[in-house]
Amino acid sequence: MNHDILIWAICALATAGVIVRPFKLPEAVWAVLGAVLLVLLGLLPWRAALEAVGKGVDVYLFLIGMMLLSEIARREGLFDWLAALAARRANGSATRLFLLIYLVGTIVTAFLSNDAAAVVLTPAVFAVAKTAQVENKLPYLFICAFIANAASFVLPISNPANLVLYASRMPPLASWLAHFALPSLLSIAATYAVLRITQRSALSQPISTDIEQPALSAGGRIAAAGIVATALVLLACSALDLQLGLPTAIAGLLTAGLVLAVKREAPWQVLREVSWAVLPLVAGLFTLVAGLNQTGVLGRLADLLHRAVEHGLQTAAWGAGIILALVSNLMNNLPAGLIAADTIAHAKPPQPVTDALLIGVDLGPNLSITGSLATILWLTALRRDGEQVGFWQFLRLGALVMPPALLLALAGLLVRA
């Protein structure tokens, strides 16, 4: 069998495994299995595989920091405290609670990243719904998944995929805001409108008003301070064009270490509760992309993009953004972003095309549960709390939510081009 065909077959099967989860095995198993097969069959040199895994170091560190922050905050009752506060503010109105959670999700995504919205916000929202005695929790939990992608291009730090796509070509913060402020606003507003309409029947149910506000422990206050400090550090790193992974990991380690030191507890229980499987999942996806690169796909993609730009900037930008949005759901947006970044480096398209690709890779994953790492993290958080969302269930809602947000965001971007 032709090597290129075999590589594509292995990558396709591994991606299908991540999406379908045969035998209910974790997503990471299928990504790693595909990566290992590429190396064992001699389709990808082991040095190239190691180099591909190494490309994800900043992402691994970023996720480690965020997962530690989330777990220590959960253990110390910060989410329960915030849950009671939000439920009391809703004053018995399900629609007001829905809006409050959406606004908080927007802020968390913008300043702490979409992965943080999945890792940090999901358990908090689950606690809110439980505290408010909500009969159907899913409408509120869906917010965590959809806003994590809809608001993920407000700032450069709002999505690790932004760091992957732009690599060393990250625009200054002022330039970023000039390009993406309007598209972000349109994306966030459109996503809210569709979610609000599609969930209206569930939101017609009353919620509890008899809610006691628990006291926040010293550990909870330290965790809250650590999360705020992390957001400030990430903003500073973004303004200085520094990588975000190491500062995030240090912030998570320091926060968790300080809480455990104050309580004089060992770290083992915290470490056991962290979803470490997400790290090999990311490493496997990066390796699969390296395998695809062996087939010469990047050169062909760069040539296609160059030709599209020659036929018209607007058409090329619209097409690139929409196509990448759809592709991100077939192979996850982190590897799709890697391929897009390498294609940009080869083709050197005009800025509007690059910006359209970013919107596609960030917002497109709202179509399916495997489109982004944030959504996979969200699924992991749901399973931990006993909730289940299937592929088709999410797809039916995503098919309504994603397209209008994507088209409006691209229109907002390209009105300036």
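The values are calculated or read from the model by the stated rules, or taken from the named source; none is laboratory data. Predicted model, so just to flag it, every value in this text is computed and none were measured. Note: ideal-geometry Cβ built from the backbone for every residue, glycine included; neighbour counts use all protein chains shown.
Taken together, LEU358, LEU400, LEU363 contain a single residue that is in contact (Cβ under 8 Å) with a residue 12 or more places away in the chain, out of contact with any Ser or Thr (no Cβ under 7 Å at 6 or more places or on another chain) and in a helix (DSSP H, G or I), which is LEU358.
Of the set (1) farther than 30 Å from ILE7 by Cβ; (2) free of Cβ contacts under 8 Å to residues at least 40 places away in the same chain; (3) surrounded by 14 or more Cβ atoms within 10 Å (Cβ to Cβ), all apply to LEU304 but (1).
For every residue, the table says whether it meets (1) in a helix (DSSP H, G or I); (2) more than 24 Å from GLY219 (Cβ to Cβ); (3) among the polar types (S, T, N, Q); (4) in contact with a Leu (Cβ under 8 Å, 6 or more places away or on another chain).
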| position | (1), (2), (3), (4) |
| --- | --- |
| ALA87 | yes, no, no, yes |
| VAL108 | yes, no, no, yes |
| ALA117 | yes, no, no, no |
| VAL120 | yes, no, no, yes |
| PRO123 | yes, no, no, no |
| VAL128 | yes, no, no, yes |
| LEU141 | yes, yes, no, yes |
| PHE153 | no, yes, no, yes |
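Among the residues of segment 372-389, write down those that are of a type in the set (D, E, K, R) and either assigned to a loop (DSSP other than H, G, I, E, B) or crowded, with 16+ Cβ neighbours inside 10 Å (or both). Passing the criteria: ASP385, GLU387.
Considering only residues that are among the aliphatic types (A, V, I, L, M), in contact with a Leu (Cβ under 7 Å, 6 or more places away or on another chain) and modelled with pLDDT under 85, which ones fall in segment 313-338? Result: LEU334, ALA336. Residues of segment 45-78 that are over 29 Å from VAL164 (Cβ atoms) and either part of a helix (DSSP H, G or I) or of a type in the set (Phe, Trp, Tyr) (or both): ARG75, LEU78. When the test is whether a residue is touching a Cys at 6+ places or on another chain (Cβ under 8 Å) and touching a residue at least 40 places away in the same chain (Cβ under 8 Å), THR122 passes it. Exactly one residue out of SER158, SER187, SER175 is surrounded by 15 or more Cβ atoms within 10 Å (Cβ to Cβ) and over 28 Å from ARG384 (Cβ atoms): that is SER187.
Scanning segment 326-340 for residues that are in contact with a Pro (Cβ under 8 Å, 6 or more places away or on another chain) and either surrounded by fewer than 24 Cβ atoms within 10 Å (Cβ to Cβ) or among the aliphatic types (A, V, I, L, M) (or both) turns up ASN329, LEU334.
Of everything in segment 255-278 that is touching a Gly at 6+ places or on another chain (Cβ under 9 Å) and part of a helix (DSSP H, G or I), the residue that is farthest from PRO26 (Cα to Cα) is VAL262.
Scanning segment 155-170 for residues that are assigned to a loop (DSSP other than H, G, I, E, B) and either at pLDDT 80 or above or under 23 Å from LEU397 (Cα atoms) (or both) yields a count of 2. Check segment 211-218 and report whether any residue there is surrounded by 14 or more Cβ atoms within 10 Å (Cβ to Cβ), more than 19 Å from VAL120 (Cβ to Cβ) and touching a residue at least 12 places away in the same chain (Cβ under 8 Å). Within segment 211-218, one or more residues are surrounded by 14 or more Cβ atoms within 10 Å (Cβ to Cβ), more than 19 Å from VAL120 (Cβ to Cβ) and touching a residue at least 12 places away in the same chain (Cβ under 8 Å).
So for segment 286-302 (the condition being part of a helix (DSSP H, G or I), within 25 Å of ALA411 (Cα to Cα), out of contact with any Asp or Glu (no Cβ under 6 Å at 6 or more places or on another chain) and of a type outside the set (Phe, Trp, Tyr)), does at least one residue qualify? Looking through segment 286-302, at least one residue is part of a helix (DSSP H, G or I), within 25 Å of ALA411 (Cα to Cα), out of contact with any Asp or Glu (no Cβ under 6 Å at 6 or more places or on another chain) and of a type outside the set (Phe, Trp, Tyr).
Annotation note: of THR315, THR343, the sole residue that is in a helix (DSSP H, G or I), free of Cβ contacts under 8 Å to residues at least 24 places away in the same chain and either buried (at least 18 other Cβ atoms within 10 Å of the Cβ) or more than 16 Å from the chain's Cα centre (by Cα) (or both) is THR315. When TRP392 is tested against (1) in contact (Cβ under 8 Å) with a residue 60 or more places away in the chain; (2) over 14 Å from the mean Cα position of the chain (by Cα); (3) assigned to a helix (DSSP H, G or I); (4) over 17 Å from LEU163 (Cα atoms), just one condition goes unmet, and that condition is (1).
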